[in-house]
Structure formats: structure tokens, C-alpha cells
Amino acid sequence: MDKAKRTAIIAGNWKMNKTPKEATALLNAIAPLVADADCEVIACVPYVDLAAAIEATEGTNIKIGAENCHWAESGAFTGEISTGMLKEIGVEYVVLGHSERRQYFGETDETVNKRTKAALAAGLKPIVCVGELLWERECNITEEVIARQIKLDLWDVTEEELKNVVIAYEPVWAIGTGKTATADQAEEVCAFIRAQLAKLYNQEAADAVTIQYGGSMNDGNADELLSKVNVDGGLIGGASLVAEKFAAIVKAASK
Ligand code: 13P
């Protein structure tokens with residue numbers, strides 16, 4: 001399958017930014033700029049912004065995602081949010097295993113896997129994030145790290161379920177640092193991820209998976225990154241908070 005047949009997806013990951021009112025204003029600014037996009041456009045927003053974001057994007061081509069979810073249906077998990085809660089209000093996507101969750105909130109491949117399974121079972125589409133630390137790249141173990149994350153994070157995910165999984169390759173050293181992976185570095189690892197998926201499933205299943213790059217992607221470098229055959233989209237942090245910048249990335253993916 002060639003790249004043109006995969007769904008290109010540009011997703012904003014707002015992280016801990018924007019109040020509900022600010023979210024409405026930002027989405028109102030983004031919507032007309034991306035109305036004719038030839039790719040999928042998603043905004044992943046803080047939990048308390050979800051309802052406002054869903055209302056603001058009604059009738060537009062912007063889909064809404066959460067930034068995490070718990071794996072249990074309900075129960076004594078103070079501060080957590082279930083997949084059912086997200087589904088009921090109209091959330092379609094959920095970012096899982098982001099490096100900031102791994103780094104600051106004790107997320108492990110085991111918990112990413114549990115969340116991924118739960119999200120899929122609930123009919124949410126997980127955007128599963130993988131990526132190596134700078135130290136790991138310097139020690140030349142990027143492929144080992146990525147192979148392990150892919151295998152563990154997708155453990156017990158069926159081939160049918162894989163159709164609803166998006167993978168985001170986010171080298172941790174490139175996140176929020178202004179230090180982007182070169183297009184060749186991004187392509188190399190995204191191709192490696194696809195090869196791992198082919199090993200775990202089969203080539204056809206692997207070829208159908210959308211693999212995004214994330215890490216300081218912006219309106220200036222999106223064209224080059226997205227021109228690579230295995231880079232099917234982007235997971236955008238900082239630049240997704242500025243309507244014009246985000247729209248320019250969407251435009252780059254629509255070519
Ligand atoms: P930046 O685009 O701010 O580097 O963030 C990338 C990211 O972590 C998206 O999930």
C-alpha cells in the first residue's frame with residue numbers, strides 16, 4: 001500500500017493549555033482555516049475542555065480527542081476518567097503513552113497497553129506515543145527501545161483492532177525543545193515502526209497504519225517531514241495552540 005492510501009492525520013496535543021472558553025475561541029479560529037483539509041484534523045484537549053471543544057466543532061471537520069484515559073470501566077480511581085465517560089460526550093480519539101505521562105506520571109508500557117486495550121474496546125481510537133530519550137539515541141539503542149514499546153504497548157491488540165490505532169513517533173529529545181528530528185531521522189524510525197508492525201501482524205496490516213511524527217513540528221518544517229513516505233501525519237504540541245500555524249501544518253498534509 002502506498003502512502004496516498006493511508007489516512008493522513010494532523011492532531012494537536014494541547015497538553016495543559018487553554019481553559020474551556022479559550023478552547024472555544026481557538027477552535028473557532030482554527031475551523032474556517034482547515035475547512036477544506038484533505039486530511040483528518042484532530043484537537044486533543046484537556047478533560048475539562050472536551051465538552052466545550054465538542055460543541056465548538058459541531059458541523060466542522062475537526063474531531064476531538066482526550067489526552068489520556070483510565071483502563072477500568074469505573075471504580076475507586078480518584079482523579080481518573082474512564083473510556084465510557086469520554087465516549088458518552090462524543091470524544092473520538094485519545095492520546096496514550098505520551099512521554100510526558102511516562103516521565104512525570106509513572107506511565108509504563110504495561111499501563112499504556114491496558115489503556116490502549118480499554119480505549120479500543122470502548123470504540124475510541126488511541127494515538128499511541130512511542131519514542132526514545134536522547135541518552136538512548138546516543139547509546140544507539142533507538143530501535144531496541146521502539147521495538148519494545150511497540151510490542152508491549154500493542155500486546156494483545158488484534159489485527160482488527162489495529163485498524164483503529166494511530167502510532168505517534170515522538171523522540172523525547174525533540175519535544176518542546178525546538179530541536180526537530182531531521183526528516184530522514186523521522187522517516188527512518190517511522191519505517192522501522194512499520195516493519196515491527198509487519199512482524200507482529202503482517203505487511204498489509206502494517207501498511208494501513210497511520211504513523212505520525214511529533215516533536216517540534218511546525219509550519220516551517222512540516223512540508224519536509226510529511227514528504228517522507230512513512231510519515232503519515234503529525235502530533236503537534238506548541239504549534240497547535242496558534243491557529244495559523246496549526247492550519248499551515250494541516251495544509252502541508254493536504255498536498
Ligand atoms: P511540541 O510540538 O511542542 O514539540 O510537542 C510535541 C508533542 O509532544 C506532541 O504530543
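The values are calculated or read from the model by the stated rules, or taken from the named source; none is laboratory data. Keep in mind it's a predicted model, so treat the numbers as computed, not measured. A quick note on method: Cβ atoms are made from the backbone with ideal geometry, for glycine too, and the neighbour counts reach across all protein chains shown. For the accessible areas, the whole protein counts, side chains as well, though only heavy atoms, and no ligand, DNA or RNA atoms are used. Shrake-Rupley method; radii C 1.70, N 1.55, O 1.52, S 1.80 Å.
Descriptive notes on the structure:
- Filter pass, Phe77 being within 16 Å of the ligand (Cβ to nearest atom) and without any contact (Cβ under 8 Å) to a residue 40 or more places away in the chain: no
- One residue stands out in segment 126-139 among those that are under 21 Å from Thr158 (Cβ atoms) and among the aliphatic types (A, V, I, L, M): the one that is surrounded by the fewest Cβ atoms within 10 Å (Cβ to Cβ), namely Val128.
- Of all residue pairs spaced 6 or more apart or on separate chains, those with beta-carbon atoms under 8 Å, a first member in segment 216-239 that is more than 10 Å from the ligand (Cβ to nearest atom) and among the acidic types (Asp, Glu) and a second member that is open to solvent by 50 Å² or more (accessible area, probe 1.4 Å) and part of a loop (DSSP other than H, G, I, E, B) are Asp223/Lys255; Asp232/Thr7.
- All of Gly123, Gly97 fail the test of being small (Gly, Ala, Ser) and open to solvent by 30 Å² or more (accessible area, probe 1.4 Å), apart from Gly123.
- Lone unmet requirement of (1) open to solvent by less than 20 Å² (accessible area, probe 1.4 Å); (2) farther than 25 Å from Ala174 by Cβ; (3) part of a helix (DSSP H, G or I) for Thr116: (2)
This table checks each residue for (1) crowded, with 17+ Cβ neighbours inside 10 Å; (2) touching a helix residue (DSSP H, G or I) at 6+ places or on another chain (Cβ under 6 Å); (3) touching a residue at least 60 places away in the same chain (Cβ under 8 Å).
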| position | (1), (2), (3) |
| --- | --- |
| Asn13 | yes, no, yes |
| Met16 | no, no, no |
| Thr19 | no, no, no |
| Leu27 | yes, yes, no |
| Pro32 | no, no, no |
| Glu40 | yes, no, yes |
| Val45 | yes, yes, no |
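- Looking only at segment 89-111, and only at residues there that are outside any loop (DSSP other than H, G, I, E, B) and touching a Lys or Arg at 6+ places or on another chain (Cβ under 8 Å), the one that is farthest from the ligand (Cβ to nearest atom): Asp109
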